[in-house]
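Here's the structure we're looking at; comments come further down.
The values are calculated or read from the model by the stated rules, or taken from the named source; none is laboratory data. In this text the structure is predicted, and so the values were computed from the model without any measurement. Ideal geometry is used to build each Cβ from the backbone, glycine not excepted, and the neighbour counts take in all protein chains shown. SASA here: full protein model, heavy atoms, side chains in, ligands and nucleic acids out. Shrake-Rupley method; radii C 1.70, N 1.55, O 1.52, S 1.80 Å.
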Amino acid sequence: MLREQLIEIYNSLLERFGPQHWWPGETPIEIIIGAILTQNTSFSNVEKAIHNLKSQNLLSPEKLYNTETEKIAELIRPAGYFNIKAKRLKNLLNWLLENYQGRLENLEPVDTTQLREQLLGISGIGAETADSILLYALQRPVFVVDAYTARIATRHNLIEPPFDYFQLQSIFQNNLSEDVQLFNEYHALIVRCGKEYCRPKARCAGCPLEKLPHNIKEQSF
Ligand code: SF4
């Protein structure tokens, strides 16, 4: 039942919006950096920050690791919270350099659950950022959930509040095939729907999910 509902939502979103081509980024390290920089800001600001790093030829784990935190902070200033985010980038790079010689290919043999635990152990990396890195940069079948997912899932009766990140994530992971491409596209479509229609004040008229059963009494997300 839940599986059918989830597939119906996915198909309706995909039919309307088409593929979202996530994650915007040319290389896995660029995607990882973007996942940290996008915390609390729009992606257009992230793109400016990444452009600055790129213009200094710093989009490699080793080069960034060897760059002073203050210089990184200055370059990523457009992404906001730049001092905090520079430290978070450094924390992640320290982990990557100290445990995996700075080479993303060395992560390949590591089991996804173990990798997730390691990412969550890095100061400043929360569940959504860790899962975005796992899915979009490292191609692991992990479903990313966020406030948009919570809002749509609640309004479409997929889950009853209160719930936490992992309970919401398991609704998708336990009912869909472990498919990186499906998880990639599904999360991107949810974000698109949340931005355009399923806002704190729902705009159901014209929404791709308008014809599916929903309840917008819950306005708390
Ligand atoms: S805007 Fe309305 S129809 Fe669209 S996802 Fe939200 S609750 Fe559903």
Just the residues that are open to solvent by less than 20 Å² (accessible area, probe 1.4 Å) and farther than 22 Å from residue 43 by Cβ, please, taken from segment 62-84.
67
Give the residues of segment 123-180 that are under 22 Å from residue 33 (Cβ atoms) and of a type in the set (Val, Ile, Thr), sorted by residue number.
125, 129, 133, 142, 144, 145, 180
Does any residue in segment 114-125 that is without any contact (Cβ under 8 Å) to a residue 40 or more places away in the chain come within less than 6 Å, Cβ to Cβ, of a residue that is part of a loop (DSSP other than H, G, I, E, B) six or more places away or on a different chain, and which pairs are these?
119/125
Enumerated helices (runs of 4 or more DSSP H) restricted to segment 85-194, each holding at least 3 residues that are away from the ligand (no atom under 16 Å from the Cβ) and open to solvent by 50 Å² or more (accessible area, probe 1.4 Å):
112-120, 165-173
Identify, please: which residue in segment 8-57 is small (Gly, Ala, Ser), open to solvent by less than 40 Å² (accessible area, probe 1.4 Å) and in a loop (DSSP other than H, G, I, E, B) and is, among those, farthest from residue 190 (Cα to Cα)?
25
Of all residues in segment 208-217, count the ones that are modelled with pLDDT of 95 or more and within 6 Å of the ligand (Cβ to nearest atom).
3
Expected output for segment 62-76 (first residue in a loop (DSSP other than H, G, I, E, B), partner surrounded by 13 or more Cβ atoms within 10 Å (Cβ to Cβ) and among the aliphatic types (A, V, I, L, M), Cβ below 8 Å, 6+ apart or cross-chain) is 67/58; 76/37; 76/49; 76/53; 76/86; 76/89
As an exercise: evaluate residue 205 against (1) within 16 Å of the ligand (Cβ to nearest atom); (2) farther than 25 Å from residue 39 by Cβ; (3) of a type in the set (A, V, I, L, M); (4) touching a residue at least 12 places away in the same chain (Cβ under 8 Å) and give the number of the one condition it does not meet.
(4)
Any residue in segment 203-213 that is in a helix (DSSP H, G or I) and surrounded by 13 or more Cβ atoms within 10 Å (Cβ to Cβ)?
no
